[in-house]
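Notes follow once the structure below has been shown.
The values are calculated or read from the model by the stated rules, or taken from the named source; none is laboratory data. Because the structure is predicted, anything quoted here is derived from the model rather than measured. Because the Cβ atoms are built from the backbone with ideal geometry, glycine has one as well, and the counts that use them run over all protein chains shown. Remember, those area values only see protein heavy atoms, side chains included, never the ligands or the DNA or RNA. Shrake-Rupley method; radii C 1.70, N 1.55, O 1.52, S 1.80 Å.
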Amino acid sequence: MKAVRTILAGLCIALIAGNVAAITTPTHSWTFDATAGDPANNQGSVFYNNGQFDVGPGGQPVVNLGQIGWGAHQVDLATGAAVRTIRTNDQVQNRAQSLGMPPMGSKGAPIRLGSDVYGVGNDHGGFYKFDAATWSTGSLEGSAPVGPNVFTLTVTENGFLAGGVESAATNGTVFATNFSAGFSGGTGGQDFIRAVTLVDNGATINVGGLAWFNNMIGPNVAERTAYRFRGISHDGNHFYTGSDNGAGDWVIFALDEATGADTEVARFTPTGTDFFLGGTPRLFGVDVYDNQLYVVGADGRLYTAPMTSPTSADVGMLQEFDLQADIEAIPGGESALFGVSVTQGPGGGTERIAVISGQREGENGVRSAFAFTFDQPGGGGGITPEAVTNNGAVTAGLGSSTLTVSALPPAPVTTYANLGDFQAATTSLSLEDFEGPDVSGGPTTWDADLNNAVAAGPFAAGDIAAGITVGFTTENPFGDDFELFEQSAGDNALRSTDLTGMQAFEVDFDPAVDALSILLSTDGQSAEAAISLFGVDDTTSLGDALMVSVPGTGETFFGLTSDELIGRLVITPLIQLTGTRLSIDNIRFGVAADQPGGPGGAGIPEPATGLLAAIGVFAALGRRRNSARMKD
């Protein structure tokens, strides 16, 4: 009989959407052995499963699981039988492999979204995708070692890639991800969550932009360096994750899906010891389903508590279930638990099933997932699927969101590939070229936005052209944002200090403009940039993003005139190789006297052939002003 430890406050009943009593003791239902029947699959553990439920080819409810160094599995939710599998580590390459690092596999659970499944790689990997209907290796995308269809979130550390996407969850608009490895010293960087958008044109996949970046999770500054966020899940309007805090406690957080703002949901002390390391166990998986929080870690226990709101759990009603008694009865012995996904059980009603991934018999043991069923008295009597692959979405309503098309119309602009044609169509524009400060002796960095009214970095008040503010949509968590450097003798340019290359430039125009141009360049590697335009309110999108190819040498001219006034411009780098940064220079802007329909309207040349066709960026980047930032 498994050990059950329950700490109940008051009358053992919490008031959340009615009276909700403690859950019943979980009963072992099935075990899935990822290595069964395939001697070649002595690969890594089944790891973060993130609540990715789906519908199998026969219409049966299934759960999607990821296995390190191997690929993805689909398992019948009622029986634990293997339904489909796809081996990705042979077919899918990434930058890590080009440096001799481990193959990709799928450390996080594959995420079904529309007609595709998005896999999450190993410690040094990124996203890839395959066809949801066939799970065929022939449909895998992400085969080019450094191509644009491989999405990684990595940084360069001592000449090698450090970090990558271990776990991800989606709300259908952004993918929230953790980092598997650190930055300086190999430890920093594991304590933040970022959310990105993806661009998918039906043939390739790429990062569309950074939606938000939370590197200051939790109110306790001293604890932050100890955080190591692992599994991520999504429910309602929040992403959920957690970490041990280095002082014996587990801390769980909810992150607002739109902004990344965090709230501490629960804090408690686990009673078990780490199966592999001894001492305080590591926290690996967090899930929320039907107003109930579920947490697992390396001590082989399931912890659960009722949610009093989407951002708060009642730890006074914390229950702890030692699952080792059942797991030890399975050949292989004890297990650390790496992920948990909960949904309605096969019996319907208030029955629940928790699919918990783990690894038995030491580092080289059996790679497994276990299912336990239990009852949640007072819980919802049925599943109400959300729009995408959130917990409980196991009906045909799944997949109603897709990344393959954008609802935005083409931007109402005419583009120009060279300064001569642009100037022939416009007159009386202002210019900001970032000249004045002498940086011939080396770059200078700072953190404040640039505008005409105030001093910032090497610029005095009045140095920047009136009518423009230059900043970033997110902050660099590791230091200053801006770097002014000498691109060539006497020619300054501006770039981010963030070596991940992910910060998006934000340019505000006041008053709004209908003509603008800019020079784009990189520091050695080719890249692309997504140009997003917004109206006079700075939030209304003016259409699909415009994609600009930026070679690794020289400067690329991009100019446009618009049928509508532009209040804000966002330039999102689509970086293919870590360490590459996008630079900007010579911003021309204003109301064009010679624009078509205006006074003296000149003929407009054909749109620039040097630009890629406009393609859909799935979601516009959220606006976050530097003045609103909080830094430690």
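Quick check on packing: order 292-302, 258-268 by the mean number of other C-beta atoms within 10 Å, highest mean leading.
On the way: 292-302: 24.9, 258-268: 18.5.
In decreasing order of mean packing, 292-302, 258-268 become 292-302, 258-268.
Summarising the label geometry, the points placed 7 Å from Cα in the beta-carbon direction at Ser549 and Thr24 lie 6.3 nm from one another. Between Asp131 and Asp523, the modelled label-to-label distance comes to 4.3 nm, taking each label 7 Å out from Cα in the direction of the beta carbon. Peptides 73-81, 44-52, 349-357, 213-221 ranked from most to least packed give 44-52, 349-357, 73-81, 213-221, packing being the mean of other C-beta atoms within 10 angstrom over each peptide's residues.
Label positions at Ala81 and Ala489, each projected 7 Å from the Cα along the C-beta direction, are separated by 7.7 nm.
Could you do me a favour and compute the accessible area per residue for the stretch 498-564, 1.4 Å probe, result in Å²?
Accessible area per residue: 30 Å².
Most tightly packed first, judged by the mean number of other beta-carbon atoms within 10 Å of their residues, the peptides 368-374, 319-325 read 368-374, 319-325.
First measure r as the distance between the Cβ atoms of Ala424 and Ala455, then evaluate 1/(1 + (r/R0)^6) with R0 = 35 Å and state the FRET efficiency to the nearest 0.05.
Working: r = 37 Å, r/R0 = 1.05.
My answer for the efficiency is 0.45.
On full extension, the segment bounded by Ser115 and Thr445 gains 114.3 nm, given 0.36 nm per residue less the C-alpha separation.
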